[in-house]
Amino acid sequence: MSDPVWTEDTSAAFRDLAHYAVPERELQVETILSLIPQPDGAALAMDICCGAGGLTAAMLERIPTLRVLALDGSQSMLETTRTAAGRDAERLDAALIDIADTAWRTPPEPLHAVVSSLAIHHLDGPGKQRLFADIHAALKPGGVFVMADLVEPVTAAGRRIAGDAWDAETRRRALDTDGTLGGYERFVAEDWNYYRLPGPDPLDKPSSVTDLLDWLRGTGFQGVDLHWMKAGHVIMSGVRG
Ligand SMILES: C[S@@+](CC[C@H](N)C(=O)[O-])C[C@H]1O[C@@H](n2cnc3c(N)ncnc32)[C@H](O)[C@@H]1O
């Protein structure tokens, strides 16, 4: 992977914490699925940095004619994704990539949908713009790109509000799930709240909501929209015309 900061240990830590640390994860997955039209017959989708494979598995289950190309830079994440897909794994192709590379961005056929959750912020601004252009080119006309990710607040107040909201949501999820604050305390101890970090981070490079929307529109996506936002996390989409 281009960035040595994300290791297999980071993957294991994320798998342990993700249930607590991803705001409204269940609503996020439903929102993303609701933006993917049912295809007329067989179709191919791509999940960029699929992680443990929850979204890939949900797409395979919800759309029985869909095949999913699930890509990630972590071997253990790809193995977890294959397991998560269960019997639907026959419609799954999981492959190792570096998100910054471009070779993987030319799929074997035009794509019905591209999704990515909590990963595109690993690229800097120019890297995101190149990726958006490559995704647009890889989609078939009418194909949709749905991105869930962290964003960069523009003001100190925005950063404080995002950080407070992320802590509060993680506390809530820990209490709702386990009846204890253990999951939240690990989230704090392991410095997962990006908005609490003192300065630029070598791994996480979120961009502002307005930049992301402008870049998507500038790439040629149509119907670019912001569907959900909580605790510095957003879901956006655009369609190739
Ligand atoms: C925060 S996790 C998100 C995973 C999943 N999409 C989710 O929403 O739970 C980030 C993912 O990006 C992957 N990743 C990090 N840096 C990468 C890189 N340079 N190339 C490819 N994958 C990378 C990690 O292995 C991890 O699965």
Cα-based Rg and Dmax for the range 22-70, in Å, come out at 10.7, 33
What number comes out for the charge environment of ASP191, summing +1 per Lys or Arg and -1 per Asp or Glu over other residues with Cβ under 13 Å away?
-> -3
Round to the nearest 10 and give me the degree value, 0 to 90, for the angle of helix 75-85's Cα axis relative to the longest principal axis of the chain.
-> 70 degrees
Unit-weight point scatterers at every alpha-carbon of the chain, Debye formula, q = 0.09, 0.12, 0.15 1/Å: log10 I(q)/I(0) is -0.36, -0.65, -1.06
Given a cut-off of 20 Å, what percent of all Cα-Cα pairs of the range 1-114 lie beyond it?
-> 42 percent
Considering only the other residues whose Cβ falls under 14 Å of the Cβ of ASP167, what net charge follows from Lys and Arg at +1 and Asp and Glu at -1?
-> +3
Using Cα atoms only, what is the angle between the long axis of helix 8-21 and the major principal axis of the chain, expressed in degrees (0 to 90) to the nearest 10?
-> 80 degrees
DSSP-defined beta bridges in the chain - what % are antiparallel, rounded to 5 = 40 percent
Cα long-axis angle, helix 209-219 against the chain (0 to 90 degrees, to the nearest 10) = 10 degrees
So what does log10 I(q)/I(0) come out to for the range 156-196 at q = 0.24, 0.25 Å⁻¹, using the Debye formula with one equal point on every Cα and no solvent?
-> -0.73, -0.77
Under 5 Å, built H, 5+ apart or other chain: amide partners of SER208 | GLU152
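Where a number appears in this text, it was derived from the coordinates with a stated rule and is not lab data. Just so it is clear, the structure is predicted and the values come from calculations on it, not from any experiment. Using ideal geometry, Cβ is built from the backbone for each residue, glycine included, and neighbour counts are taken over all protein chains shown.
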